[in-house]
Amino acid sequence: MQKPMQKTSLDTRFSGNKSIQEFLPFGLVFLLAIFLFFYQLDSESLWNDEVFSIRDANNIRSKFLISRPLYFFLLHIWMQLGTSEFWMRSLSVLFALASVGLIYVLGQRLDSKATGVISALLLTLSPLFINHAQEIRMYALGTCLGLAGTLALTIALQERKIAPFFAWAIARWLMFVTAPLNIALVFADFFLVGLQFWRHRKLLFMFGVSALFLGAACLPTFLITAKGSGDVLLTWAQYQPRPGLKSLPGMLTRFTIWSVKPPFDIAALGWLINAYTLVLVGIVIFLIATKPWKSSVGWIIVWWFIPQAAVFVVSHLTSSLWVERYLLFTAPYALVMLAAGFTRMWKWKWPIALGIVILYSIVVGGGLFRYYATSHRSDWRGVVQTISKSEQAGDHIAIHANPTLFKHYYRGSAPTQFMDIVSKKRLPEEIDQVLEDIPAFDSRLWLTYEHTAFVDEEGHDRFRQAVVDKFTLQKKQEFEDVDLFLLTPKSK
């Protein structure tokens, strides 16, 4: 019998080079993700929710019974090593980078290596995902844990193993105590398990056991969330528009090229964004036409559609939760779906696919440029720095905004009045009452006014005019979404 040939050092070296070549595309995407996620990480001021995160992380021992404790607990530990804005935001960057790795593996398992690489690239270049990767909030962690649970269930479905069920349950529990709305993924999980294992009683039973563990572990957080959700649904969420029939395809656009703002001026180039949305819908239809349910790539459509459909229904039954950051946990599945459709389109008609690449490059380039080149958060850091540099003895401060951010940045000793927030309508009588409540002062008053998306420009103008009518304007500075007035009493 002939002995098998021994591998020479040349063979080993060639094998190693081949492994490097196979890993190289994803490696380059991952390096790009590191650059984009860390780039200008602390260039903008914190916003309200980020300061709320810092507050809850500092009070984690007394506030552990909150609806989303995991991220705040991890942030509390992270802050023991530093409290600079760069450092605190970098925690989310780590979870975002882990998400890039997980979506690559998931795309590869469900379809192909090309789908995995393209999925990772789409997530890396998504201005919306970059935005949440660069903030002190739980959304990157929730997305990461969602992907981890989905990958564990994918292994269980493909290899018919029991152990991944328990990894799935743990990941889904951690995801739930990070962002409770993400539990909508479980509806898709149950559908797929029932579809694949309805004849396999042992596997179905073990999944049921792990699901019971998941339910028991989530129950305390669920009760806390249910008790406190009324405040959100009756206040902030009631101003959100309810989703319509265009919302599902519209969210594909937002996941791929949107950040806080659209990539271009809607009035001038809205047609280009609409054309791009139609192209994305075409890719999804093309994928469905290839009958993906015959393979595991069809599962990704389920993980994309069912959770979004659940949030869609809830948004019509209660106040609307159809908000990009709340739906971020579904973004990876939309991107894998688009990547799978694109790879099939490339094999079918590569010139058409090349045209899609060119269009995508234009619109995502616009989205990334607008994200990095323009401000999109209220510049409270700049406001406080201006006041601190020019502050004089006897000055007073009046804040028309949520006081949390100002308190975070301001270290001075001037008496500070936090005014009641005028309602959405900005009625003249409401504005007059708020300004009347400012305590009398003899010297100077620094007054801030924060713009909100719920108020039109006419309402903002009414407030500005009322300020000028009541006081003598010495100076006015405009920051991103914040007006700063330096005022003195009106001469009698």
Legend entry - Subset of the stretch 153-164 (residues that are of a type in the set (A, V, I, L, M, F, W, C) and under 12 Å from Phe207 (Cα atoms)): Leu153, Ala156, Leu157, Ile162, Ala163
Inset, instruction - For the stretch 210-231, indicate whether the set of residues that are surrounded by 16 or more Cβ atoms within 10 Å (Cβ to Cβ), at pLDDT 90 or above, more than 30 Å from Ser67 (Cβ to Cβ) and of a type in the set (A, V, I, L, M, F, W, C) is non-empty. - result: no
Inset, instruction - Could you please tell me which pairs satisfy a Cβ distance under 8 Å, a separation of 6+ or placement on different chains, a first residue in the stretch 394-418 that is in contact (Cβ under 8 Å) with a residue 12 or more places away in the chain and closer than 14 Å to Phe52 by Cβ, and a second residue that is among the charged types (D, E, K, R) and assigned to a loop (DSSP other than H, G, I, E, B)? - result: none
Legend entry - the stretch 442-492: number of residues that are over 37 Å from the mean Cα position of the chain (by Cα), within 15 Å of Ile387 (Cβ to Cβ) and buried (at least 16 other Cβ atoms within 10 Å of the Cβ): 3
Inset, instruction - Could you check how many residues of the stretch 289-301 are surrounded by fewer than 16 Cβ atoms within 10 Å (Cβ to Cβ) and of a type in the set (A, V, I, L, M, F, W, C)? - result: 2
Inset, instruction - Report yes if Ala120 is in contact with a helix residue (DSSP H, G or I) (Cβ under 9 Å, 6 or more places away or on another chain) and within 25 Å of Leu70 (Cα to Cα), otherwise no. - result: no
Legend entry - Single residue of Leu102, Leu125 found to be within 16 Å of the chain's Cα centre (by Cα), at pLDDT 95 or above and open to solvent by 10 Å² or more (accessible area, probe 1.4 Å): Leu125
Inset, instruction - Could you grab me the full set of residues in the stretch 257-306 that are part of a helix (DSSP H, G or I), within 14 Å of Phe342 (Cβ to Cβ), in contact with a helix residue (DSSP H, G or I) (Cβ under 6 Å, 6 or more places away or on another chain) and not aliphatic (A, V, I, L, M)? - result: Tyr276, Phe286, Pro292
Inset, instruction - Only residues that are more than 25 Å from Val364 (Cβ to Cβ) and of a type in the set (Phe, Trp, Tyr): list them for the stretch 271-299, please. - result: Trp293, Trp299
Inset, instruction - Please verify whether the stretch 419-436 includes one or more residues that are modelled with pLDDT under 85, surrounded by fewer than 16 Cβ atoms within 10 Å (Cβ to Cβ) and in contact with a His (Cβ under 8 Å, 6 or more places away or on another chain). - result: yes
Legend entry - Selected residue (criterion: nearest to Leu368 (Cα to Cα)) from residues of the stretch 7-37 that are modelled with pLDDT of 90 or more and open to solvent by 70 Å² or more (accessible area, probe 1.4 Å): Phe35
Inset, instruction - For the stretch 349-370, state whether one or more residues are in a helix (DSSP H, G or I), hydroxyl-bearing (Ser, Thr, Tyr) and within 30 Å of Asp442 (Cα to Cα). - result: no
Legend entry - Top-ranked residue of the stretch 258-288 - restricted to ones that are among the β-branched types (Val, Ile, Thr) and open to solvent by 40 Å² or more (accessible area, probe 1.4 Å), ranked as modelled with the lowest pLDDT: Ile266
Legend entry - Residue ID - farthest from Gln385 (Cα to Cα), chosen from residues in the stretch 38-56 that are open to solvent by 20 Å² or more (accessible area, probe 1.4 Å) and in contact (Cβ under 8 Å) with a residue 60 or more places away in the chain: Tyr39
Inset, instruction - Filter the stretch 377-408 for residues that are out of contact with any Leu (no Cβ under 8 Å at 6 or more places or on another chain) and more than 13 Å from Trp446 (Cβ to Cβ) and give the result. - result: Asp379, Gly382, Ala393, Asn402, Pro403, Thr404, Lys407
Inset, instruction - Kindly indicate whether any position in the stretch 45-63 is within 25 Å of Tyr372 (Cβ to Cβ), in a loop (DSSP other than H, G, I, E, B) and among the polar types (S, T, N, Q). - result: yes
Inset, instruction - For the stretch 145-160, enumerate the residues that are under 18 Å from the mean Cα position of the chain (by Cα) and either buried (at least 24 other Cβ atoms within 10 Å of the Cβ) or at positive phi (or both). - result: Leu145, Gly146, Leu147
Inset, instruction - Give the residues of the stretch 379-415 that are under 30 Å from Leu125 (Cα atoms) and at pLDDT 90 or above, sorted by residue number. - result: Asp379, Trp380, Arg381, Gly382
Inset, instruction - Would you check which residues across the stretch 313-348 are aromatic (Phe, Trp, Tyr) and within 28 Å of Asp111 (Cα to Cα) and list them? - result: Tyr326, Phe329, Tyr333, Phe342, Trp346, Trp348
Inset, instruction - Scan Val323, Val314 and give me the residue that is under 18 Å from Thr253 (Cα atoms), modelled with pLDDT under 95 and aliphatic (A, V, I, L, M). - result: Val323
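The values are calculated or read from the model by the stated rules, or taken from the named source; none is laboratory data. Keep in mind the model is a prediction, meaning the values are calculated, not measured. Positions of Cβ are backbone-derived with ideal geometry, glycine not excepted, and every protein chain shown enters the neighbour counts. When the accessible area is computed, the model is the full protein with side chains, heavy atoms only, and any ligands, DNA or RNA have been set aside. Shrake-Rupley method; radii C 1.70, N 1.55, O 1.52, S 1.80 Å.
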